[in-house]
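So the structure is just underneath, and the comments pick up after that.
All of the numbers you see were taken from the coordinates with simple rules; none came from a lab. It should be emphasised that the depicted structure is a prediction, and the values quoted were computed from it without experimental measurement. Here the Cβ positions follow ideal geometry from the backbone for every residue, glycine too, while neighbour counts run over all protein chains shown.
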Amino acid sequence: MLDYLISGISLGSVYAIIALGYTMVYGIAKMLNFAHGDIIMIGGYAAFCTGYYLHWPVWLAVLFAVVVCTVLGVVIEKLAYKPLRNATSLAVLITAIGVSYFLQNVALLIWTSNPKAFPNMLSFIPYVNIGRIQITGTALGTVVTCIVVMVALTLFTDKTKMGKAMRTVSEDKGAASLMGINVNGTISLTFAIGSGLAAIAGVLLCSAYPTLMPTTGAMPGIKAFTAAVFGGIGSIPGAMIGGILLGVIEIFAKAYISTQLSDAIVFAVLIIVLIVKPTGLLGKKITEKV
Amino acid sequence: MMKKVLSVLVAGVMALSIVACGATNDASANTGADANNNTTADGSLTGTLKLGMIGPLTGGAALYGNAVDHGVQIAVEEINALGTGFQIDYQAEDDEHDAEKSVNAYNQLKDWGAQVIAGTVTTTPCIAVSAEAYSDRMFMLTPSASSTDVTANKDNMFQLCFSDPNQGSASAKYIAENNLATDVAIIYNNSDAYSSGIYQTFVDAAAEVGLNIVSTTTFTDDTQNDFSVQLADIQQSGAELVFLPIYYQAASLIFQQADQIGLDVKWFGVDGMDGILSLEGFDTSLAEGVMLLTPFAADATDDLTVNFVTKFEEKFGETPIQFAADGYDCPYAIYRALEYYAANNGGLDVTDMSNEELCEILISVFTDPGFSCDGVTGLAMSWNAAGEVNKAPKAVVIENGVYVGL
């Protein structure tokens, strides 16, 4: 029972850290960045190439992945999403799906479809034994990173000037620009932060589940999106709680009901939550809050 | 979600096009070949057989097509060097792993005068070409197209490789005959036809040979990250061996997570496991002791394999993969079948025989219970009327990061 709870939390914290990126971009830019999962994959490859081929130390490989993803996120925003700032949300959504396919196919060209086994970059964290229960260093590292990122993001948006600008842009772009806020700059910053987070999520995801392929980010991306909606999209603590709950429900459904039906059960729970609370667990009536 | 809808649509369109190809079959009547026209007095096989091969020699799947082509070339050279009065004239055509180009390649081989086809290498083109060959009464032996759709309802179509589901029953028999275990656990991918097909036949055969299946768990393409629940179930069930009819990507995760919880069992995989050692960055010590059913291991020490591998390395400068071995066995199977017919029917001269006549002869021999032949991918290969091969499977075990024959 406790074993399963711990597996569930470590799986859920991977979903949670991806969901944080989704919710961040959605909260500010009001768009679903479906390419988020693929930026995670690029982050994974960046860390793999520097860490495995070039033998860079872990911190440098992760830093490199963060830089690559941040730049990539800003470039994608400038090239693909900025021209559509005033287009319908459906057009932006379709563009995001296009970017997602583009990134997958570029990765296919560069790294081919042969999977790579990702070296565990969190192996320096020791095992923790509590009684008979063993928690792996990777699970511990993922959960801790996730909490740190969540707290940092909440503080950033609540306390700093840039965070204030973000919340303003999220509420009303027109009014924000009248108040002298650089709307485009703020949205770019959001993408930079979201994509940097994606790189960290990529390293954590691949350290926990070490098969790296061009489609690695796609399914966790969709699950994390579900987690973000579950917790109330736009809400940072909501993404965290949604992610962890999703992971725990998935593992419990597998363990106690059926391995075949686990996904069906996860999504059935999601449907019930959304019927009872259409804005998600922590979603407010004003969902603009970040 | 959108991606799912799209991929389902695309898959639907593909399925429709396959059905459309298959629907062109018209059951052409048996031509009633009278093979006695071509007999020689002493029961020997003579003449020149025109053998065509179709496979992807260029494009994304070229690795497989070229491997088969190279394997066939070596076998043809060997047969021609025997000096028996029987010769093979061989020609390969490229299909780029495309169904339409594959049918064109087939037509080119027909114009060239091909009497028998060794091919095609990949499954989708093979389904298209076999429909044509069925109405033309052209005998086809595919080295590597393993789907049952390839042979379904086509009496002229035979497989040299195990069909996907047959690997399951072969694995169950191998485990039982070699007393590897009696309590067996299975993890399979229930969103994948290959994996569930093998699982089903494994379960059926396991009941016959007396294996106890103590734990059955599944995963899907979408949940192949976390196997903690499946592995905990295996640990509680007390299974001695875990059967993994899955591809190596998921298997690498299973080995890693089993190592973390200290699960000590035997692992048994099928040909989808082949490739785990070349997975970049994978710690091969995790796969130590893993057994897998594969028809060919290049480092096996039997005479047939050593001879083939040595010649292949000399001629092409690389170690043959399983596809090359499949290709190598094709001309031999056809040669042995013709030889068998000649010996039992007072000889045979194949020069300028029509493909219809040869087709009936070869079908009768391949489905004859008395016929079998040895190859590098299996000893005592025989075929059933459905065109599926029955051969003693070879198993290899991973020791010190390389395959070792069992």
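Results, tabulated for the structure shown:
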read-out	value
HN-Hα J in Hz across segment A:49-64 - Karplus 6.51, -1.76, 1.60, θ = phi - 60°, x for Gly and Pro	5, 6, x, 8, 7, 9, 6, 6, x, 4, 4, 6, 4, 5, 4, 4
Tilt relative to chain B, helix B:2-22 - C-alpha long axis, 0 to 90 degrees, to 10	30
Rounded, prolate or oblate (a/c below 1.5 giving rounded, otherwise prolate when a/b exceeds b/c) for segment B:166-294 by Cα gyration tensor	rounded
Prolate/oblate/rounded call for segment A:173-290, Cα gyration tensor, a/c under 1.5 rounded	oblate
Ranked packing of B:353-366, A:216-229, most packed first, by mean Cβ within 10 Å	A:216-229, B:353-366
Per-bin percent of Cα-Cα distances, segment A:2-218 [5 Å]	1, 7, 14, 18, 18, 15, 12, 8, 4, 2, 1, 0, 0
Per-residue ³J(HN,Hα) for segment A:136-147, Karplus 6.51 cos²θ - 1.76 cosθ + 1.60, θ = phi - 60°, Hz, x for Gly and Pro	6, x, 5, 5, 4, x, 5, 5, 5, 4, 4, 5
Order of B:M381, B:M140, A:M1, A:M24 - criterion: other Cβ atoms within 10 Å of each residue's Cβ, fewest first	A:M1, B:M381, A:M24, B:M140
Sequence-distant residues sharing a close amide H with A:T211 (under 5 Å, placed H)	A:F118
Highest-MSF residue in chain A out of A:I97, A:I181, A:I272 [GNM, Cα springs under 10 Å]	A:I272
For segment B:134-175 versus segment A:90-153, the gap between their alpha-carbon centres in whole angstrom	41
Shielding of A:202-214 by partner chains, average beta-carbon count, 10 Å	3
Segment A:217-259: equivalent-ellipsoid semi-axes (sqrt of 5 x gyration tensor eigenvalues, Cα, Å)	20, 12, 6
12 Å beta-carbon shell around A:A264, net charge (K/R +1, D/E -1)	-2
Under-5 Å amide H pairs with B:V290, H placed in peptide plane, nonlocal only	B:I398
Global geometry of segment B:137-236, whether rounded, prolate or oblate, following the gyration tensor of its Cα atoms and the 1.5 cut on a/c	oblate
Only Lys, Arg (+1) and Asp, Glu (-1) charged, at Cβ; segment A:129-220 dipole about Cα centre in debye	140
Most positive-pole-ward Cα, B:P56, B:A239, B:C330, against dipole of chain B from beta carbon charges	B:A239
Selection from B:C373, B:G401, B:L358 lying farthest towards where the dipole of segment B:356-405 points positive, charges on Cβ	B:G401
Euclidean distance of C-alpha centroids, segment B:216-233 and segment B:49-70, integer Å	37
Computed [θ] at 222 nm, helices only, for chain A once each DSSP H run of length n ≥ 4 contributes -39500 (n - 2.57)	-22500 deg cm²/dmol
Relative packing of peptides B:285-291, B:132-138, B:182-188 - highest average C-beta neighbours within 10 Å first	B:182-188, B:132-138, B:285-291
Sequence of A:W59, B:W267, B:W383, A:W111 once ranked by neighbouring C-beta atoms within 10 Å, starting from the fewest	A:W59, A:W111, B:W267, B:W383
Two-decimal ratio, chain B, of alpha-carbon radius of gyration to 2.2 N^0.38 Å	1.02
Phi-based couplings in Hz for segment A:115-123 (Karplus 6.51, -1.76, 1.60; Gly and Pro marked x)	x, 10, 8, 6, x, 5, 7, 10, 5
Relative packing of peptides A:43-49, A:137-143 - highest average C-beta neighbours within 10 Å first	A:43-49, A:137-143
Cα extents of the protein assembly as shown along the three principal axes, largest first (Å)	103, 57, 48
